[in-house]
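Reading through the structure tokens given below for one structure.
Derivation of every value follows stated rules applied to the coordinates shown; laboratory data play no part. Please read these numbers as outputs of a predicted model, since none were measured by experiment. Positions of Cβ are backbone-derived with ideal geometry, glycine not excepted, and every protein chain shown enters the neighbour counts.
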Amino acid sequence: MNSRIREAIYGIGERLTTDSSYFKYDDLECNLSEGIIPRGLIYEEDNRNINAVGCVMVGLNPGKATKKEQDFFKSEPLSYERFLLYWKENILQHPYYKRLRKLADELEFDGPILWTELVKCQGKENGQLTVQTIRDDINKYLFPELENIPANWPLFGIGNQAFEILSYRFPDRLVLGIPHPTGSYGLFPKLFEGQKIRQDIFDHAKKILTSKEKIAVKLGKF
């Protein structure tokens with residue numbers, strides 16, 4: 001099962017990394033020759049329990065690439081394998097991923113994680129994407145990606161836009177909405193007490209999971 005998922009996501013990733021069609025969107029920044037590439041799709045199974053239930057983390061779109069990142073991608077021929085190498089060496093422990101990984105573990109989803117985005121290219125203005133850009137991208141990449149993910153893996157919508165789109169599109173799946181882990185309003189830390197998820201949040205989530213209802217619900221306020 002996991003090898004099939006890995007191969008399917010890798011195939012999509014290979015197409016994504018060199019997708020030059022992002023140039024046509026006025027609200028996106030994409031310049032392959034300068035190292036500003038489509039990115040954000042990772043199937044993470046290292047140090048995860050491959051026999052356990054995993055989950056999907058869906059954000060809005062990648063943040064701005066750093067100069068180090070741009071220099072890395074323009075220094076050698078571009079490939080999805082090269083993107084994954086950079087992610088593992090430089091981004092895997094970024095607070096965005098680290099905090100969401102901890103949340104998944106606290107909720108006892110210790111299987112593989114599919115990290116993905118509504119739109120796979122960085123915006124010219126953070127968080128400012130047109131409906132048409134999102135519409136095109138989710139149909140081109142996100143929805144085909146999720147066709148390869150087991151039905152019992154919950155979908156986490158990170159922020160309102162991701163949560164709402166997943167809720168409307170996947171009525172037969174559990175969709176959990178959560179605040180952005182590095183958002184400026186500091187809502188994500190309110191899900192925790194110290195190093196542990198708040199007991200009421202945990203109990204609420206476990207009740208939903210035990211019932212096996214395919215619903216869309218927010219964990220916390222955002």
Interchain or sequence-distant (5+) residues whose placed amide H lies within less than 5 Å of the amide H of GLU117 are GLY59
How would you classify segment 51-170 from its alpha-carbon gyration tensor, with a ≥ b ≥ c the square roots of the eigenvalues: rounded for a/c under 1.5, else prolate if a/b is greater than b/c, otherwise oblate?
-> oblate
Using only Cα atoms, find the angle between the long axis of helix 199-211 and the longest principal axis of the chain, and express it within 0 to 90 degrees, rounded to the nearest 10.
-> 90 degrees
Between the alpha carbon centres of segment 87-109 and segment 192-222 the gap in Å comes to 18 Å
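Please report VAL131, VAL58 as a ranked list, fewest other C-beta atoms within 10 angstrom at the top and most at the bottom.
VAL131, VAL58
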Over 30 Å (Cα to Cα) among LYS64/LYS102; LYS124/LYS207; LYS98/LYS140; LYS98/LYS221; LYS102/LYS214; LYS88/LYS214 -> LYS124/LYS207; LYS88/LYS214
Please determine, in degrees from 0 to 90 and to the nearest 10, the orientation of helix 95-106 with respect to the longest principal axis defined by the Cα atoms of the chain, where the helix direction is its Cα long axis.
-> 30 degrees
Value of relative contact order over segment 29-152, rounded to a whole percent, pairs C-alpha under 8 Å and six or more apart = 43 percent
Rough spin-label spacing in nm, given labels placed 7 Å along Cα→Cβ, for PHE202 and THR66 = 3.3 nm
Relative to the chain, whose Cα atoms define the longest principal axis, helix 2-17 and its Cα axis are tilted in degrees, nearest 10, by 40 degrees
Relative contact order for segment 134-209: what is it in percent, counting Cα pairs under 8 Å that are at least 6 residues apart?
-> 20 percent
Tell me the label-point distance for the pair LYS88, LEU187, using the 7 Å Cα-to-Cβ offset, in nm and rounded to one decimal.
-> 3.5 nm
Looking at the chain, send over the antiparallel percent of its DSSP beta bridges, to the nearest 5.
-> 30 percent
